[in-house]
Amino acid sequence: MIEVKELTKSYGPSYAPTVAVNKVSFQAHAGEVLGFLGPNGAGKTTTMRILTCYLSADSGSATVAGYDVFEESIEVRKRIGYLPESAPLYTDMGVLEYLNFMTQVRQLPKSERKERIRSVIDTCGLEAVIQKDIGELSKGYRQRLGLAQSLIHDPPILILDEPTSGLDPNQIIEIRNLIRDIGQEKLVLFSTHILSEVSATCSRVLIINNGAIVANGTPEELASQAKGEEVVHIAIRGPQEAVEARFDELDFVSQWTHVETTDDIVGYQINATQESNAAEALFHVVVQNGWSLTELRQESADLEDVFLNLTDKEQT
Ligand code: ADP
């Protein structure tokens, strides 16, 4: 549905360019909710503006539903619904009036307009506000209206730029649920700098940093990539020297660190090789030696570790 190859875009004068998008390549298929995750300034908006034909690129290619975004922009726009980060809503227009206006902008046949308006009101839960002016709407409802306008021509692809930005936690959940529902039928590509958003909503994640894609996979795949090691926290009541000598003998322990000793209890952080079932194995070691175990806790790496490793922390 979307195919991007080596897309590159710089801003500013050629003697001092800001490279916003640097040889970005990816594909997106029908039935996916694809999260475009990266810190502010990573190049998300620029990529989306190129895909929606609002911006040209310096080099590379991009096709949407088989049409070239540079050569066949009219065909591309017909197949894409776009919600920019700050949706251009006319505050003194009524909700219905605005949706009607959008059916005209999208040049929908007159005979279909009523039905399309009804359908997006239903999908986006706008029934309660159809009599209102846009200026009277809460931010959450404005965002729903923004989504409604992006869906008005029933495009197979939706591109949403930071769709939950500036919303309160309840509104965020509502919009996420809406995106998930819409994603059952359409390809949705949405950007965010909020990590929890992608685990909650996406079937696949592209992590972008400094204009380049640095990771591409399902949230679970990316989290398991980070799982090079297991980390186990353990506290043992036992002879410290003997305990440490035993750790040295264990193959699955790649490193151990003495954390603290309180009242005869010695605490350690153990780094163990992946899939060693380290916590269980350590439990047996303690029992076999007749020591007592006062704490055993295993940490697993998650998507947050991947994100922090792959992006510049100071930019987030
Ligand atoms: P994101 O959406 O991930 O926050 P953007 O695509 O907006 O990232 O920005 C990528 C980089 O391009 C940033 O360094 C930003 O400052 C720069 N940039 C974006 N738009 C412009 C512009 N119109 N003129 C100059 N630089 C820009």
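The values are calculated or read from the model by the stated rules, or taken from the named source; none is laboratory data. Nothing here was measured: the structure is a model prediction, and the numbers come from that model. Cβ sites come from the backbone with ideal geometry, for glycine too, and all protein chains shown count toward neighbours. In case anyone asks, the SASA skips ligands and DNA or RNA and just uses the protein heavy atoms, side chains included. Shrake-Rupley method; radii C 1.70, N 1.55, O 1.52, S 1.80 Å.
Please verify whether Val129 is surrounded by 21 or more Cβ atoms within 10 Å (Cβ to Cβ), at pLDDT 95 or above, more than 16 Å from the ligand (Cβ to nearest atom) and not polar (S, T, N, Q), treating the condition exactly as stated.
So Val129 fails the test.
What number of residues within region 4-52 satisfy the criterion of being touching a Lys or Arg at 6+ places or on another chain (Cβ under 6 Å) and modelled with pLDDT of 95 or more?
Number satisfying all stated conditions: 7.
Just to check your reading of the model, which residue among Arg49, Arg77 is charged (D, E, K, R), under 21 Å from Val19 (Cβ atoms), open to solvent by 60 Å² or more (accessible area, probe 1.4 Å) and assigned by TED's automatic domain parsing to the domain that holds Val205?
From the options Arg49, Arg77, the qualifying one is Arg49.
So Ser111 ticks every box in (1) crowded, with 16+ Cβ neighbours inside 10 Å; (2) more than 16 Å from the ligand (Cβ to nearest atom); (3) of a type in the set (Ser, Thr, Tyr) but one. Which box is left unticked?
Single failed check for Ser111: (1).
I'm told Asn216 meets every condition in (1) surrounded by 17 or more Cβ atoms within 10 Å (Cβ to Cβ); (2) within 30 Å of Glu6 (Cα to Cα); (3) in contact (Cβ under 8 Å) with a residue 40 or more places away in the chain except one. Can you identify the failing condition by its number?
In the conditions (1) surrounded by 17 or more Cβ atoms within 10 Å (Cβ to Cβ); (2) within 30 Å of Glu6 (Cα to Cα); (3) in contact (Cβ under 8 Å) with a residue 40 or more places away in the chain, Asn216 misses (1) alone.
Say we look at region 1-25 and pick out the residues that are touching a helix residue (DSSP H, G or I) at 6+ places or on another chain (Cβ under 9 Å) and within 16 Å of the ligand (Cβ to nearest atom); which of these is most open to solvent (accessible area, probe 1.4 Å)?
Tyr11
Okay, residues lined up against (1) more than 23 Å from the chain's Cα centre (by Cα); (2) under 22 Å from Arg180 (Cα atoms); (3) of a type in the set (Ser, Thr, Tyr):
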residue: Gln107; (1), (2), (3): yes, no, no
residue: Glu112; (1), (2), (3): yes, no, no
residue: Asp122; (1), (2), (3): yes, yes, no
residue: Glu127; (1), (2), (3): yes, yes, no
residue: Ile130; (1), (2), (3): yes, no, no
residue: Asp133; (1), (2), (3): yes, no, no
residue: Glu136; (1), (2), (3): yes, no, no
residue: Ile152; (1), (2), (3): yes, yes, no
residue: Pro156; (1), (2), (3): no, yes, no
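Inspect all residues belonging to region 9-17 and state whether any of them is out of contact with any strand residue (DSSP E or B) (no Cβ under 8 Å at 6 or more places or on another chain), among the hydroxyl-bearing types (Ser, Thr, Tyr) and in the same structural domain as Leu187 (by TED's automatic domain parsing).
Yes, region 9-17 contains a residue that is out of contact with any strand residue (DSSP E or B) (no Cβ under 8 Å at 6 or more places or on another chain), among the hydroxyl-bearing types (Ser, Thr, Tyr) and in the same structural domain as Leu187 (by TED's automatic domain parsing).
When you scan region 153-174, do you find a residue that is in contact with a strand residue (DSSP E or B) (Cβ under 8 Å, 6 or more places away or on another chain), part of a helix (DSSP H, G or I) and surrounded by 20 or more Cβ atoms within 10 Å (Cβ to Cβ), even just one?
no
Give the residues of region 196-213 that are modelled with pLDDT under 85 and open to solvent by 30 Å² or more (accessible area, probe 1.4 Å), sorted by residue number.
Ser196, Ser199, Ala200
Which residue pairs have Cβ atoms closer than 7 Å, lie 6 or more positions apart in sequence or on different chains, and pair a first residue in region 28-51 that is within 10 Å of the ligand (Cβ to nearest atom) with a second residue that is assigned to a helix (DSSP H, G or I) and among the β-branched types (Val, Ile, Thr)?
Leu37/Val198
Residue-by-condition table, conditions (1) hydroxyl-bearing (Ser, Thr, Tyr); (2) within 16 Å of the ligand (Cβ to nearest atom); (3) under 21 Å from Glu127 (Cβ atoms):
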site	(1), (2), (3)
Tyr54	yes, yes, no
Ala57	no, yes, no
Ala65	no, no, no
Ser73	yes, no, no
Tyr82	yes, yes, no
Val95	no, no, yes
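Filter region 175-194 down to residues that are open to solvent by less than 70 Å² (accessible area, probe 1.4 Å) and in a loop (DSSP other than H, G, I, E, B) and give me whichever is nearest to the ligand (Cβ to nearest atom).
Per the criteria, the residue is Ile194.
Just name the residue that is nearest to the ligand (Cβ to nearest atom) out of those in region 219-235 that are at pLDDT 80 or above and farther than 24 Å from Met1 by Cα.
Step by step, filter region 219-235, then rank; the result is Val231.
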